[in-house]
Amino acid sequence: SEEVSPDQLVNAKKLSSYVNSHLLEDLIEINAAHNLVDKVRRVRDDGHEEVSKVDRSEYIKSRIHFDFRSQVDKSDVRIYVHPLPECAGPKSVDVLYEDFPPTGAWTLYVRQHLEQILAIDEGIMRSGHLVSDPSKATVFYVRAFWSALVELDLRYDDSTDFMLHYQGVRCISEVFDHLRKDPYYMRNAAYDHFFVAGIHHPVNPIDQSRFHIEKYDPFADNMMIMVASQRDYGFADRLFTNEVSLYANLKFIWSPFPSKLDCRRLERFGQDRTKRDVAVAFVGSILSRVRSWVEELSKLPEISSDPRFHFSFGDTVDIRSSMSNQGSELYANVDFCLIMPGHMHDLTKRAYDAMARA
């Protein structure tokens, strides 16, 4: 809040320059002393993986500068979109839409996830903040839809056609091959880059390493992520784990779930003082300890016989079907919609839908 004098500003820039240069020297020395090596994966056209070893000290010394001053000094947001292989962006979504019709709970879920990615991507591309010169950018957009590429690979998992089966992970390899040759990606170890992840990150957690983008490049995990929810965010058990840094969550840029708002309806409900029929409600599947406890409590006579409580637990597919038909009416007639952790531990689409229905 205080004014900064010219002398202080000059000193701050000198300090920034000193920290940048010495930080880089320290990183090189530390990594060289411990002989730290990263394994980098690459998928060939025939689907076979190649694993190469990268000496961290050499990797850092030859590529990183750690200079954010040119970006921080700018007052507005300027986005440079990396020119990537065509397979990585909207085309990956088009292929999924064409080859897999909306049947089954998971397919419908994935389509909703992809619609969120496309909506955010369109917002970025039409934002008016894009620049064609990377030297004028404050942040860099990696327009690669990783979850769509992973899903593509999984859908063709049983195919004997290598070109078809491994098209997703081959594209991931191509993207990182391209990024590693770009000085702006390497300059700040990708900390000034971001990508769009849709509804959840990851949308489909899998143990196989070929589906983990951080295995393809040492800096992949440094990128910021624009997403509506993250699977481990808000999970209380992390507070009791010494090895996990809570600062890792700073790289997430939270985006609302795709819930439709009827502003006139919300305004009308906000002025309505009529008492609602239901006090507390929850409709969902039992996917966590908390939900299991609430399901047991809901069986108590004083709760199950009270019309002010509405609890319904069941199979995921059945629940989604019933909520698509009755959810709007229920949310609009209840005082408290419980948002309990399931697969996710933070605010989920249920929370946004409840708020959207007043």
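The values are calculated or read from the model by the stated rules, or taken from the named source; none is laboratory data. If you're wondering where the values come from, they're calculated on a predicted model, not measured in any experiment. Using ideal geometry, Cβ is built from the backbone for each residue, glycine included, and neighbour counts are taken over all protein chains shown. These area figures cover heavy atoms from the full protein model, side chains too; ligands, DNA and RNA do not enter into them. Shrake-Rupley method; radii C 1.70, N 1.55, O 1.52, S 1.80 Å.
The loop-placed trypsin sites (Lys or Arg not before Pro) in the range 243-297, going by DSSP, that have at most 15 neighbouring Cβ atoms within 10 Å of their Cβ come out as Lys260, Arg273, Lys275, Arg276. Summing Lys and Arg as +1 and Asp and Glu as -1 over all other residues whose Cβ lies under 15 Å from the Cβ of Arg308 gives a net charge of -2. In this calculation the C-beta distance from Val139 to Val290 is compared with R0 = 41 Å, giving a FRET efficiency of 0.65. Of Trp254, Trp146, Trp293, the order by accessible heavy-atom surface (1.4 Å probe, DNA, RNA and ligands excluded), from most exposed downward, is Trp293, Trp254, Trp146.
So how much slack lies between Asp207 and Leu297, counting 0.36 nm per residue of separation and subtracting their Cα-Cα distance, in nm? Don't skip to the answer; put the middle values down first.
Details: separation 90, 0.36 × 90 = 32.40 nm, distance 3.54 nm.
Length gained between Asp207 and Leu297: 28.9 nm.
Step through the table entries Lys53/Lys349; Lys251/Lys299; Lys251/Lys349; Lys181/Lys260; Lys136/Lys260; Lys136/Lys349, compare each Cα-Cα distance with 31 Å, and write down the pairs that go over it. Checking Cα-Cα distances, Lys53/Lys349; Lys251/Lys299; Lys181/Lys260; Lys136/Lys260; Lys136/Lys349 exceed 31 Å.
Computed from the Cβ-Cβ distance with R0 of 22 Å, the FRET efficiency linking Arg180 to Ser132 stands at 0.50.
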